[in-house]
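Enquirer: Sharing a structure below in structure tokens format, with a few things to ask.
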Amino acid sequence: MTIRVQILDAGGYFRRRLPLIRRTVADAVAYVEGVSEIRDVDLIVHPTDFGRDQFSIAAFTMGPHNIHIGVERSQLSAEDMDVDLFRTTVHELHHAWRWRHVKRWTVSEAVILEGLALLADHGAVGPQDGVDRPLDDVKKALDYVLAHGSESLTKHRNWLYTSEPEQPGAVARAYTVGMLLMRGALEELKLDPWQAATMEASALIEAGLSHYDGLLDARSA
């Protein structure tokens, strides 16, 4: 079974942009099927109506087999809407692929999930300036993952899903720390994000931390 795309737009909000949306999602799915073995996913695309101050594309992976992508109707005419939609589709499909290899949700798994998906969508479309913003304190962030990586998400969601205090408005640390660590891991392991998605979390984190050994007091001692 393959990736099944359903576009739900009973109100007809997509109008003239519907062919572009359909084509963009189909192209992103074809790209992912060409770089991974992911199959058996229901991908639902629908309009949202939250206003111009929201992202043009909002998406959520519900598990290894279910993805929802919302396209903000007030921004359908945005010049880069199709690029954002392509990127988001690739990103969320990577989540669904990685999800199949997660045994327990931990701090490490959270940073792996977002880091690899970012690198996957960057590989497909190119970098994003807002996401590529460097961490203010790399050592502190890596030490946190080293100390708490094997722990459950329960007590660490605030740290993971907020930005550094020094960088208000930046993307959450799950993304910035995840991309930093996974970029290092891919360099160490000589893998791409789709290959790395099948690996154990411990191996990926170890490879990522090894790439930055000189910054980590606990590992240098």
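Enquirer: Would you work out which of LEU20, GLN128, ALA185 lies farthest towards the positive end of the dipole of the chain? Charges go on Cβ: Lys and Arg +1, Asp and Glu -1.
Expert: Of the listed residues, the answer is LEU20.
Enquirer: With a ≥ b ≥ c the root eigenvalues of the C-alpha gyration tensor of segment 10-59, is it rounded (a/c under 1.5), prolate (a/b larger than b/c) or oblate?
Expert: Numbers: a/c = 2.31, a/b = 1.86, b/c = 1.25.
Cα axes put segment 10-59 in the prolate bin.
Enquirer: Taking the Cα centre as origin and putting +1 on Lys and Arg beta-carbons and -1 on Asp and Glu beta-carbons, what dipole magnitude results for the chain, to the nearest 20 debye? Spell out each step's value before the answer.
Expert: Details: 23 positive and 32 negative charges, 125 e Å.
In debye, rounded to 20, the chain gives about 600.
Enquirer: First compute the accessible area of the chain with a 1.4 Å probe, then give the percent of it belonging to carbon and sulfur atoms.
Expert: Carbon plus sulfur share of accessible area: 52 percent.
Enquirer: Whole number please: convex hull volume per residue, Cα atoms of the chain, in Å³. The partial results should precede the final answer.
Expert: Working: hull volume 27.3 nm³, N = 221.
Cα convex hull per residue, to the nearest whole number: 123 Å³.
Enquirer: Now for a separate question. Summing -39500 (n - 2.57) over the DSSP H runs of n ≥ 4 in the chain and dividing by its residue number, what mean residue ellipticity at 222 nm do you reach, to the nearest 500 deg cm²/dmol?
Expert: Helix contribution divided over all residues of the chain: -15000 deg cm²/dmol.
Enquirer: Please calculate how many Å² of accessible area the chain carries per residue, with a 1.4 Å probe and no DNA, RNA or ligand atoms counted.
Expert: 50
Enquirer: By how many nm would the segment from GLU187 to LEU18 grow when fully extended, if each residue of separation counts as 0.36 nm and the alpha-carbon distance is taken off?
Expert: 56.9 nm
Enquirer: For segment 156-221, take every pair of Cα atoms, bin their distances at 10 Å starting from 0, and report each bin as a whole percent.
Expert: P(r) for segment 156-221, in whole percents per bin: 20, 41, 34, 4.
Enquirer: Would you work out if segment 142-188 is rounded, prolate or oblate? Take a ≥ b ≥ c from the square roots of the eigenvalues of the alpha-carbon gyration tensor; rounded if a/c is under 1.5, else prolate when a/b is larger than b/c, oblate otherwise.
Expert: Oblate shape, in that a/c is at least 1.5 and b/c is the bigger or equal ratio.
Enquirer: Across segment 131-145, in residue order, what do the Karplus-derived ³J(HN,Hα) couplings come to in whole Hz, using 6.51 cos²θ - 1.76 cosθ + 1.60 with θ = phi - 60° and x for Gly and Pro?
Expert: 7, 7, 4, x, 5, 6, 10, 5, 4, 4, 5, 5, 4, 5, 5
Enquirer: How long is the gain from ALA203 to ASP53 if the chain were fully straight, where each residue apart is worth 0.36 nm and the alpha carbon distance is subtracted?
Expert: Answer, rounded to one decimal: 50.0 nm.
Enquirer: How about segment 31-102: which trypsin sites (Lys or Arg not before Pro) there lie in a loop by DSSP and see at most 10 other Cβ atoms within 10 Å? Don't jump to the answer; show the numbers that get you there.
Expert: Values: sites: ARG39, ARG52, ARG73, ARG87, ARG98, ARG100; in loops: ARG39, ARG52, ARG100.
Qualifying residues, ordered by number: ARG52.
Enquirer: Report the percentage of all Cα-Cα pairs in segment 100-180 whose separation exceeds 14 Å, rounded to a whole percent.
Expert: 61
Enquirer: From the residues PHE55, HIS65, VAL35, which one has its Cα farthest along the dipole of segment 5-68 in the positive direction, the dipole being from +1 and -1 charges on Cβ of Lys/Arg and Asp/Glu about the Cα centre?
Expert: So the residue we want is PHE55.
Enquirer: Please return the longest stretch of the chain lacking exposed loop sites, where GluC sites (Glu not before Pro) count only if DSSP places them in a loop and at most 16 other Cβ atoms lie within 10 Å.
Expert: Result for the longest clean stretch: 80-150.
Enquirer: While we're on this one: Explain nothing, just the number: dipole magnitude of segment 128-212 about its Cα centre with +1 on each Lys and Arg Cβ and -1 on each Asp and Glu Cβ, in debye rounded to the nearest 20.
Expert: 200
Enquirer: Using the crude model of +1 on Lys and Arg Cβ and -1 on Asp and Glu Cβ, and no other charge, please compute the dipole size for segment 162-214 relative to its Cα centre, in debye to 20.
Expert: Using only the charged Cβ atoms, the result is roughly 140 debye.
Enquirer: A further question follows. Calculate how steeply helix 18-35 sits against the longest principal axis of the alpha-carbon atoms of the chain, using the helix alpha-carbon long axis, and give the answer as 0 to 90 degrees to the nearest 10.
Expert: 40
Enquirer: Straight distance only, please: which lysines reach the Cα of LYS139 with their own Cα at less than 27 Å, same-chain residues fewer than 8 apart left out?
Expert: LYS155, LYS190
Enquirer: Using a Cα-Cα cut-off of under 20 Å, which aspartates and glutamates could be cross-linked to LYS103, ignoring same-chain neighbours fewer than 8 residues away?
Expert: Straight-distance partners of LYS103: GLU37, ASP40, GLU92, GLU114, GLU151, GLU200, GLU206.
Enquirer: Quick one: length gained pulling ARG4 to SER77 fully straight, 0.36 nm per residue minus the C-alpha distance?
Expert: 23.7 nm
Enquirer: Now for a separate question. Quick check: the angle from helix 107-125's long axis to the longest principal axis of the chain, C-alpha only, nearest 10 degrees?
Expert: 50
Enquirer: Still on this structure: Using only Cα atoms, find the angle between the long axis of helix 201-210 and the longest principal axis of the chain, and express it within 0 to 90 degrees, rounded to the nearest 10.
Expert: So the inclination is approximately 60 degrees.
The values are calculated or read from the model by the stated rules, or taken from the named source; none is laboratory data. Everything numeric here is computed off the predicted structure, so don't read it as measured data. All Cβ positions, even for glycine, are placed from backbone atoms using ideal geometry, and neighbour counts span all protein chains on display. SASA here: full protein model, heavy atoms, side chains in, ligands and nucleic acids out. Shrake-Rupley method; radii C 1.70, N 1.55, O 1.52, S 1.80 Å.
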